[in-house]
Structure formats: structure tokens, C-alpha cells
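Below is one structure; the comments refer to it alone.
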Amino acid sequence: MSERYAAAGVHLDSAEEAKRRIAQLVKGTRTPLALGQLGAFGGMVRVPPGYQSPVLVMSTDGVGTKVLVAARAGIHDTVGEDLVNHCVNDILVHGAKPIAFLDYYATGRLEPEVAARVVEGIARGCRAHAMTLAGGETAQLPDLYQEGHYDLAGTIVGVVEEALALHGERVEPGDVLIGYASNGLHTNGYTLARKIVFDGLKLDVGDRFPDSDRTVAQVLLDVHRSYAAAIGPVLGKVHALAHITGGGIEGNLVRVLPAGCDAVVDTRGWQWPQLFRVLMQAGKVSKDEMRRVFNLGVGMVAVAPRDQVMDAVRVAKDAGVATWVIGEVVPGKGRVRFAER
């Protein structure tokens, strides 16, 4: 049966070798909260002690077509770290601390070395956040994926004290918008970025990126930044957080605005990194579309009381993350507006 299965495109021996390598990486992420055995049907973690009313916060996401850049460059660990950091940020906006992660890796023909590199990055991201990689799935789907291609997704579990969870209802007129610097494209807009760079500019991963001393691969594979260290210490002082992913500042900041408030973003508050200017000019992309597709240098926005801004900026600086005051909250109808002054 296994010979027929291999002829159909699924190689069980490769799967076993991949599982062996992955198990060693997973073992290195286990924290005191982890329960059960490696390789079990489900992963288990304890809820951390000390919570009076713990709430579990869960999120699932992927890294999109950034994996195509990774495959083209033969660099596979960074997208694994991207995945973890993206998911950490998604629950950070609710004030949650990550405790467990699950990954899903699917490909046409399983290459143990590639799978191990991907999980190496996932494990590195988990260790950086003291989070258990509790399990996952590695699938061979030869009829779904082209040779050398794979897909990557993850699910994160975090915990927050119910009374401290952030939902956005505390946002009020007079609050200040703090923008936190992104580290490049993060994990959004790659379908457009790839078309501009590879098809429009005719560049490949080893070529120099325009107006840069770095290669295309280095620029496009910069790891999605985690804001846990830059924001964690001030979680009790900010009124809301918005992770700037697909949809840009407008599409994500609006998700934490109460019905009676508008967020006015001052477009002079920060400068776009050159990467985005290159994409805009080379791709002839309108400013409005750039704002909808890319983060434009701002990977997270905090909505903070005016008297907490200096403390938030200081904490971010200590964590090595640049910040800017990029606007304010005013009475309104729950919209995000850009001030072009």
C-alpha cells in the first residue's frame, strides 16, 4: 500500500523523517505550562496561575504569499518566525499573553529539510515569547500544491484577566494615536509586491533592491516584528491597540473605535520607508491603494490617554522600536480619517 501511496505522490518515509526533526524542535519550546506527550493527538497547556477570571484569547492566521518569496530564495526559517510574531500581535491587541501555538504546514511533496527549517523559525518565535509549541499538522497534498510550494498557518492561544482585556470601549476623544515602526512589509501585500518586483522591475531574489544596499530577498523576507516587548509593559495604560495588517491603518484602526469617535491620522506624523516609495512608483500604485494594501511603516497603533504617551514611547524605545505620534481621537462616527496638511 505504501508503494502505491508513494506512486500517487505521498511519501511516508519523508513524513516520518520530518516528524523526527520537528519533534526535537518542538521539545525545545515546552514551558512549565505544557502537559502531555510529544506526538499526541492534541496539545495541552495549563492556564497560568494567578488569574481570578482568566479569558482565553485565540487567533488563526497565515503569512500569505510571502511563502513564495521564501521558496524562491531558499530561505524558509524566517516565515516560520513571521507566523508566530503575527499571531502574537493579534492577541496582544486584546492584552493577552501567549501560552500555546499550533502550526499547519502543507506541501505537495514533503521535503524534511524544508519542513524542519520552517518549524525552526516557528520554534524560535515561540521561545522568544516563552510559549509552548503544543502541536500542529504536517500534510502532503500533491494534488493541491505545485512542486516546491507550501502553505503555512498557525493558531495561537493566549490568556488575559477578564477585567484587563482590551476591546476599544475605553477609547475617547482626546486620546492620542501612537504609531509603532514596522519592519518592512511584515506579512501583507505580497501578491502586489511580488508582481511589482519580479514582474514589473524584472528583479530576482539575489538582485539589489532599488535605493538599497540589500538584496531583494533580504528586503522582502524581513521578519514580521513582534510588539510584545515594546507594548507589554504599558498594556494597562493604553485604551486600545490595532495591529496593522491587510487593510492598512484605516482598515484595522477602525476595528477598535467606538461609534462616537473618529481617529484622525496625521499623514505628516511619520515618513514612509523607502521600500514603500519604490513599490508605489515602480508599480504606479495610487496613494489610496497603498494605504489599503500596506502598513506603510506603521505595524501597530496604540490609542493612549495623552498623559500616558511619554511612558509608552519610552518603553518602546527601550525595546528598540521607533514610535511617532500620528494623530488623535475626536468626536465622530467610528471612522478613520487622514489629515492631508
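Using C-alpha pairs below 8 Å separated by at least 6 residues, the relative contact order for the chain is 22 percent.
More than 22 angstrom separation, counting every C-alpha pair in the range 176-339; what % is that? Before the final figure, lay out the partial values.
Numbers: 5768 of 13366 pairs.
Roughly 43 percent, rounded to a whole number.
DSSP beta bridges fully contained in the range 2-164 are about 70 percent antiparallel.
Taking the chain as a Gaussian network of alpha-carbon nodes connected by springs under 10 Å, the highest mean-square fluctuation of the residues TYR105, TYR51, TYR180 belongs to TYR51. Computed over the chain, the per-residue total of -39500 (n - 2.57) for DSSP H runs of n ≥ 4 gives a 222 nm mean residue ellipticity of -9000 deg cm²/dmol, rounded to 500.
Highest mean packing comes first when the peptides 166-175, 261-270 are listed by Cβ atoms within 10 Å, giving 261-270, 166-175. Less than 5 angstrom separates the built amide H of VAL265 from those of ARG337, PHE338, ALA339, all sequence-distant by 5 or more or on a different chain. With R₀ set to 30 Å, the beta-carbon distance separating LYS317 from ARG337 gives a calculated FRET efficiency near 0.60. Ranked by the mean number of other Cβ atoms within 10 Å of their residues, highest first, the peptides 301-308, 231-238 fall in the order 301-308, 231-238. Close lysine pairs were tallied over the chain: pairs 8 or more places apart or on different chains with Cα atoms under 18 Å apart number 8. For the pair ARG214 and GLU137, label points projected 7 Å from Cα toward Cβ lie 3.4 nm apart. For the chain, build the charge dipole from Cβ charges (+1 Lys, Arg; -1 Asp, Glu) around the Cα centre, then report which of GLY174, ILE231, ALA123 sits farthest towards its positive end. Among GLY174, ILE231, ALA123, the one farthest towards the positive end of the dipole of the chain is GLY174.
What the phi angles of the range 163-169 give under the Karplus curve with 6.51, -1.76 and 1.60, with θ = phi - 60°, is a coupling list of 5, 9, 5, 9, 10, x, 5 Hz, glycine and proline written as x.
Restricting to Cα pairs below 8 Å that are 6+ residues apart, what does the relative contact order work out to for the range 2-164? Please round to a whole percent. Dividing the mean separation by the residue count of the range 2-164 yields 37 percent. Given +1 at the Cβ of Lys and Arg, -1 at the Cβ of Asp and Glu and no other charges, the dipole of the chain around its Cα centre is 480 debye to the nearest 20.
Net charge of the neighbourhood of VAL55, taken over other residues with C-beta under 14 Å away and scored Lys/Arg +1, Asp/Glu -1, is -1.
Modelled this way, with points 7 Å down the Cα-to-C-beta line, the labels at ARG306 and ARG127 are 4.7 nm from one another. Within the chain, no whole DSSP H helix has Cα atoms reaching 15 Å or more along its own axis together with a mean Kyte-Doolittle score of at least 0.5.
On the beta carbon distance between LYS27 and THR60, with R0 = 22 Å, the FRET formula returns roughly 0.40.
ALA228: net charge of surrounding residues, Cβ under 15 Å, Lys/Arg +1, Asp/Glu -1, itself excluded?
Net local charge, ALA228 excluded: 0.
When HIS94, HIS86 are arranged by Cβ crowding within 10 Å, least crowded first, meaning fewest neighbours, the order is HIS94, HIS86. Computed over the range 2-164, the convex hull of the alpha-carbon atoms projects to a mean area of 9.6 nm². Residues of the range 177-207 with backbone nitrogen within less than 16 Å of a virtual label 7 Å along the Cα-to-Cβ line of LYS284, please, listed as ranges. Residues 195-197, 199-202 qualify, since their backbone N sits under 16 Å from the label point. Remark: relative contact order (the range 167-270) = 39 percent; criterion is Cα-Cα distance under 8 angstrom and separation of 6 or more residues.
The numbers here are math on the coordinates, done by the rules we state, and not lab data. Keep in mind the model is a prediction, meaning the values are calculated, not measured. Every residue, glycine as well, gets a Cβ built from its backbone with ideal geometry; the counts of neighbours run over all protein chains shown.
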